[in-house]
Amino acid sequence: MREVVSFIGGQPMAPGPGAHRIPIINPHDESTNGVLLEADATQVDQAVCAARAAFDNGPWPRMSVAERQDILRRAGEVLMDHGDELARLECEDAGLPMHEIRHRHVPRMSQNFNYVASLIGLDTGDVLEQIPDYLTLVSHEPAGVAALLAPWNAPLALASMKLTCAICLGNTCVLKPSEYTPSSLYRFVELLGEAGLPDGVVNLVNGRGDVTGSALVSHPGVDRIAFTGGTETGRAIMSAAAQNLTPVMLELGGKSANIIFESADLDDALDAALIGIYSNNGQQCLAGSRILVQANVAETFIEQFAARTQAIRVGNPMDQETEIGPLCFREHYQRVCGYADIARAEGARLVCGGGPAEGFERGFYFQPTAFLAESNRSRIAREEIFGPFASILTFDTVDQGIAMANDSEFGLVAYAWTEDLKTALRARNTLRAGTVWINTPLMRDLHAPFGGYKQSGVGRTGGFEGIHFFSETKTSSIAVSALDLRKLGQP
Ligand code: NAD
C-alpha cells in the first residue's frame, strides 16, 4: 500500500510510530489508494527550519535570474514528461476526469513554471532620479519562507500556480496539500528535485488542516502565507496569521453569477453555461453556479439547458468519454446531496437531476443538477455548493440582472452574455467581481491578476502582483554628490 509521507530538505520524511494515519480513498469505487502519514507540529517545524536554512544559506536565493530561469523551465519540462503518471495519481485521489487533468491541468502546471521564468526576466525594479543629489533604487527581494496551502479540487494546477509565484524570486516554501488528494503533489515535489531544484527550496508536509495546516500557518518562522480554499478556513487562517503579523493571500470561495441577457448569442451562452457549472465535476471556485437568465429568453434557455444536462455522461473518471466523475469524498458528496433537500424545502423547482446518480453501487456520484431558485435570497442562490449543481434565477431588465449578480457576499468572477456593446460595457463596469468574463467562460490569462472581491479573497495571483506578494520592497537612496548637511553640535 502506498504511504504518503512528508518531504523535507530533499528527503522523504516519515513521522514517528504513533502518527495519525489517514486512508486515501478513491471516490470512484471507495477503494483505498494508500495511506497518508500525518505530519505533526514537530515535523512542520522541521519543514519550516529546512526552508529557512535553504533560504539563509542555500544556493537558490543567490542564483542569477538566468540560473533560476533554467531550473524553472527544466522543472516545467520534467513535470510535463511525467504527465501521465501525475494525472493518474490525481485522478485516483480526486475523481476528476483523467482527460481533463491530462490535457488541461497538467499543461497548465507546466506553463506556470515557464510563465514565472519569463516574468522574473522582466522584474527589473525602479531607478528614481527626480531629486538631483540622489539615486534611489526600488527593488523586490524575496521575503523568505512561504507557507502554501492547497485545496483538493485541482491540486496540481492550483498548487503549482502558488508555488511558482512563491519560489521564482528566490523564496523557499512549505507546501501543504489537501489531506484528501496528497498523492500527485508528493510525486510533483519529488520531480522538482530531479529537475535540479536545490534541496529545501520546496518542502512538503501532509496532514489535516486543523493539525498540520494550523501548525504551519501559526509558525513564527513563516514570512508569507498563501491559501486557496474555503472562505471559513480563510478566516481562521487570517486570524492565526495575525498573531505573527504574517501577510496572507487568500483565494476563497465563490457563487459567481452567469448572466444571460436577452441580447446574448444563446447557443454560445448555453454551451458556456454548461461548461461553467459542470466542468471539473462542478468543483471549481470560479463556477458559474448562479445562472441568471433574462425573462424573455428564460423558458427556451432552461429547456435546452435541462436537455443537455440530462445527456451529460457521468462515469468512471478514467474513461475517455466521461464528462463528470464522482465528487471528491464522502462528506462532500453528502453535503451536495443535502443541498438538493434544502432546495426542495425552500420551494425551488427541480429542472433536472436532483440526487445521487443512478447505476453506481459504490462511489460518490451525483447527477448533474439544476434548480430554479425561489429567489436570490434562497440558500441555494447564496451558498457555495461546490458540485454539479446549478441554481437558476430569472430577471426582467439589464439593471435588475446586474443588481442580482452583485447581491452576493462573494465576488470571485462574473460571466455576462450579450451581443450588445452598451450592455457588455455596463456589465464590465458595474459587476463587483475580480474577473469579468464577457461572452466567454473560464478564460485565464496568466499575466492578468486573479482574485476575489468581498468574501472571495484577499490579494491577487498572476502577473507581477502575484509574485510581489512573496517579496519585500526595498528602497535605497544613495547620495551622488557632496551634501551640505547641518552640523549639529558644532560650535
Ligand atoms: P478547505 O478550506 O477545506 O481546505 C484548503 C486547505 O486548507 C487544505 O489543505 C486544508 O487541509 C487546509 N486547512 C483546512 N483548515 C485549516 C486550518 N484551520 N488551518 C490551516 N489549514 C487548513 O478547502 P477545500 O475544501 O480543500 O477546497 C474547496 C474550497 O476552495 C472551495 O470553497 C473553493 O471555492 C475554494 N477554491 C478557491 C479558489 C480560488 O482561486 N479562489 C480555487 C480553488 C478552490
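The values are calculated or read from the model by the stated rules, or taken from the named source; none is laboratory data. Being a predicted model, the structure only gives us computed values, none of them experimental. Note that we place each Cβ from the backbone using ideal geometry, even for glycine, and neighbour counts take in every protein chain shown. SASA here: full protein model, heavy atoms, side chains in, ligands and nucleic acids out. Shrake-Rupley method; radii C 1.70, N 1.55, O 1.52, S 1.80 Å.
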For this session: Test each condition in (1) farther than 30 Å from residue 280 by Cβ; (2) in contact with a strand residue (DSSP E or B) (Cβ under 8 Å, 6 or more places away or on another chain); (3) part of a helix (DSSP H, G or I) for residue 93 and report the one that comes out false.
Result: (1)
Exercise. Restricted to the stretch 235-257, and to residues that are more than 18 Å from the chain's Cα centre (by Cα) and within 11 Å of the ligand (Cβ to nearest atom), which residue is nearest to residue 432 (Cα to Cα)?
Worked result: 239
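Of everything in the stretch 339-367, what is in a loop (DSSP other than H, G, I, E, B), within 18 Å of residue 290 (Cβ to Cβ) and not acidic (Asp, Glu)? Give them in sequence order. Explain how you work it out, then say what you get.
Step one: list which residues in the stretch 339-367 are in a loop (DSSP other than H, G, I, E, B), which gives 346-348, 353-355, 357-365, 367.
Cutting the leftovers down to within 18 Å of residue 290 (Cβ to Cβ) gives us 346-348, 353-354.
Selection gives 347, 348, 353, 354.
Filter the stretch 41-86 down to residues that are touching a His at 6+ places or on another chain (Cβ under 8 Å) and open to solvent by 50 Å² or more (accessible area, probe 1.4 Å), then give me how many there are.
So in the stretch 41-86, the residues touching a His at 6+ places or on another chain (Cβ under 8 Å) come out as 44-45, 48.
Checking which are open to solvent by 50 Å² or more (accessible area, probe 1.4 Å) leaves us with 45.
Residues meeting the conditions: 1.
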For this session: Can you run down the residue pairs with Cβ atoms below 7 Å, 6 or more apart or on separate chains, where the first is in the stretch 442-453 and hydrophobic (A, V, I, L, M, F, W, C) and open to solvent by 60 Å² or more (accessible area, probe 1.4 Å) and the partner is away from the ligand (no atom under 12 Å from the Cβ) and in a strand (DSSP E or B)?
Result: 443/437
Problem set entry | Pairs where the first residue, in the stretch 321-342, is outside the structural domain of residue 103 (by TED's automatic domain parsing) and among the β-branched types (Val, Ile, Thr) and the second is in a helix (DSSP H, G or I) and modelled with pLDDT of 95 or more, C-beta under 7 Å, 6+ apart | 324/278; 324/281; 342/379; 342/380
Seminar exercise, completed: Taking the stretch 139-148 and keeping residues open to solvent by less than 10 Å² (accessible area, probe 1.4 Å) and either farther than 16 Å from residue 109 by Cα or within 9 Å of the ligand (Cβ to nearest atom) (or both) leaves 144, 145, 146, 147
Exercise. Of the residues that make up the stretch 175-193, is at least one open to solvent by 10 Å² or more (accessible area, probe 1.4 Å), under 21 Å from residue 78 (Cα atoms), of a type in the set (Lys, Arg) and in contact (Cβ under 8 Å) with a residue 60 or more places away in the chain?
Worked result: yes
Exercise. Do we find a residue being within 16 Å of the ligand (Cβ to nearest atom) and either at pLDDT 95 or above or not assigned by TED's automatic domain parsing to the domain that holds residue 381 (or both) anywhere in the stretch 298-306?
Worked result: no
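So for the stretch 61-80 (the condition being touching a strand residue (DSSP E or B) at 6+ places or on another chain (Cβ under 9 Å), modelled with pLDDT of 95 or more, outside any strand (DSSP E or B) and not acidic (Asp, Glu)), does at least one residue qualify? Spell out how you get there, then give the answer.
Kept after step one, since they are touching a strand residue (DSSP E or B) at 6+ places or on another chain (Cβ under 9 Å), are these residues of the stretch 61-80: 61.
Retained after the next criterion (residues that are modelled with pLDDT of 95 or more): 61.
Checking the rest, the ones that are also outside any strand (DSSP E or B) come to 61.
Applying the additional criterion that residues be not acidic (Asp, Glu) yields 61.
Yes; the residues of the stretch 61-80 include at least one that is touching a strand residue (DSSP E or B) at 6+ places or on another chain (Cβ under 9 Å), modelled with pLDDT of 95 or more, outside any strand (DSSP E or B) and not acidic (Asp, Glu).
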For this session: Check the stretch 235-245 and report whether any residue there is buried (at least 23 other Cβ atoms within 10 Å of the Cβ), not β-branched (Val, Ile, Thr) and not in a loop (DSSP other than H, G, I, E, B).
Result: no
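Determine, yes or no, whether residue 334 is polar (S, T, N, Q), over 20 Å from residue 181 (Cα atoms) and open to solvent by 40 Å² or more (accessible area, probe 1.4 Å). Explain how you work it out, then say what you get.
Details: polar (S, T, N, Q): yes; over 20 Å from residue 181 (Cα atoms): no; open to solvent by 40 Å² or more (accessible area, probe 1.4 Å): yes.
Spelling it out, it is not the case that residue 334 is polar (S, T, N, Q), over 20 Å from residue 181 (Cα atoms) and open to solvent by 40 Å² or more (accessible area, probe 1.4 Å).
Which of the residues belonging to the stretch 36-45 are in a helix (DSSP H, G or I) and either closer than 26 Å to residue 89 by Cα or under 26 Å from the mean Cα position of the chain (by Cα) (or both)? So that I can check it myself, show each step before the final result.
Residues of the stretch 36-45 in a helix (DSSP H, G or I): 41-45.
Across the stretch 36-45, the qualifying residues are 41, 43, 44, 45.
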Exercise. Do we have any residue at all in the stretch 155-168 that's within 16 Å of the ligand (Cβ to nearest atom) and more than 26 Å from residue 70 (Cα to Cα)?
Worked result: no
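Considering every residue within the stretch 13-35, establish whether at least one is in a helix (DSSP H, G or I) and crowded, with 17+ Cβ neighbours inside 10 Å.
So in the stretch 13-35, the residues in a helix (DSSP H, G or I) come out as none.
Among the residues of the stretch 13-35, not one is in a helix (DSSP H, G or I) and crowded, with 17+ Cβ neighbours inside 10 Å, which makes the answer no.
Any chance you could count how many residues in the stretch 202-234 are assigned to a loop (DSSP other than H, G, I, E, B) and more than 9 Å from the ligand (Cβ to nearest atom)? Break it down into steps so the answer makes sense when it comes.
So the first thing to find is which residues in the stretch 202-234 are assigned to a loop (DSSP other than H, G, I, E, B), and the list is 205-208, 218-223, 229-230.
Still in the running and more than 9 Å from the ligand (Cβ to nearest atom): 205-206, 219-223.
So the answer is 7.
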